[in-house]
Amino acid sequence: MKAVFALTPAESRRLIARGVAQMNEVKAALERAYVIIVGGTTNGFVAQEIAGLEVDPQGFTAGTSTKGVLCVTRAEERDERIPVILYKGERVDKTVGDAFEDFHLETVVIKGANAVDPDGNVGVITSGFDGGTVAATIGTMTSTGMKYIFPVGLEKLVPSVPEAARWAGSKTFDSSIGAPFGMFCLSDGIVFTEIEALDTLAGVEAKHIASGGIGGSQGAVIIAAKGDEASIKKAIEAVEAVKGEPPVEARKGRCE
């Protein structure tokens, strides 16, 4: 059997978050290690689904692409709980460094992304010159073998993240409408899009076949899925459960 779905960016975020919560890697970390959820609007949904927190996704981030520019959220409206750190499923008052020092190979860092390509590379924009969360975690993650999980919607699909990263670099731009930036290209992690969410939640094979729209469907992705009757029914139920998810509103700071 086959089915086809249109998902708005907000619906995709909810579907992806629900899929992330059911990942074997996340379940293992919740049972035996740490789950570290860093900032990002999609990760706001993830924090809701995994930690059961009352989170406003629009405040669960610093940098955003909003109102036609790259900018930041207003500092006073950011969620002070970022990052959310869970140990054996319970929220703990620790830093990322504390969690890394209490080493568990099953620990996962859930990190949002700004770009993804067909080869499984993800791009993470950085405007702060300290490199942000990636710079603070990549050494430990890559040297120990712990895994990043990158929840990212296919609205962010680009032809090549390595090529995109070579075009970035805040000091290389002579003009920028909004904040100029650099970009990390990361290939050592688990990319989790709508495709993986539908596989995890329903056991279907899915394919991204179209994008875009108007009248509230800007940024939407069109996904076709195939599988046996029971799996397609599960996929339809999973998608119907996220339909109508409200758009993430902007909390734009000053980015002149």
Cysteines of the chain without any disulfide-compatible partner (other Cys Cβ under 4.7 Å) are Cys185
Along Cα→Cβ, 7 Å out, is where each label goes; now give me the distance between the ones at Arg166 and Phe103 in nm to one decimal. 3.6 nm
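Please report, in whole Å³, the volume per residue of the convex hull around the C-alpha atoms of region 28-181. It would help to have the intermediate numbers written out before the result.
Details: hull volume 19.8 nm³, N = 154.
Per-residue hull volume (Cα only) is 128 Å³.
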At a 1.4 Å probe radius, carbon and sulfur cover how many percent of the accessible area of region 9-122? 42 percent
Just to confirm, what accessible area per residue do you get for the chain at 1.4 Å probe, in whole Å²? 50 Å²
Project the alpha carbons of region 98-256 onto their principal axes and report the range along each, largest first, in whole Å. 52, 44, 29
Cα gyration tensor shape for region 1-81, rounded if a/c is under 1.5, else prolate or oblate: oblate
Expected sort for 50-59, 103-112, 159-168 on mean C-beta neighbours within 10 Å, highest first, is 103-112, 50-59, 159-168
Can you figure out the FRET efficiency of Ser65 with Asp188, using R₀ = 22 Å and their beta-carbon distance, to the nearest 0.05? 0.35
Full-extension gain in nm, Glu229 to Glu54, via 0.36 nm per residue minus C-alpha separation: 59.5 nm
Taking a quarter of the surface of the Cα convex hull of region 154-248, what do you get in nm²? 8.4 nm²
Nearest 0.05, what FRET efficiency do Thr142 and Met1 give at R0 = 45 Å with Cβ-Cβ as r? 0.60
Through the Karplus equation 6.51 cos²θ - 1.76 cosθ + 1.60, θ set to phi - 60°, convert the phi angles of region 110-119 into ³J(HN,Hα) values in whole Hz; use x for Gly and Pro. 9, 10, x, 9, 10, 7, 8, 10, x, 8
Could you sort out which of Lys111/Lys171; Lys88/Lys111; Lys88/Lys226; Lys67/Lys243 sit more than 29 Å apart by Cα distance in this structure? Lys88/Lys226
Applying 1/(1 + (r/R0)^6) with R0 = 45 Å to the Cβ-Cβ distance of Asp93 and Ile214, what FRET efficiency is obtained, to the nearest 0.05? 0.50
In vacuo Debye sum over C-alpha of region 104-169, base-10 log of normalised intensity I(q)/I(0) at q = 0.27 Å⁻¹, listed in q order, is -1.25
Only bridges with both residues in the chain count here: give the DSSP antiparallel percent, nearest 5. 70 percent
Roughly how many percent of the accessible protein surface of region 208-256 is carbon and sulfur, given a 1.4 Å probe and a whole-percent answer? 51 percent
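The values are calculated or read from the model by the stated rules, or taken from the named source; none is laboratory data. The structure displayed is predicted, hence computed values, not measured ones. Please note: Cβ atoms are built from the backbone with ideal geometry, for glycine as well, and neighbour counts cover all protein chains shown. Remember, those area values only see protein heavy atoms, side chains included, never the ligands or the DNA or RNA. Shrake-Rupley method; radii C 1.70, N 1.55, O 1.52, S 1.80 Å.
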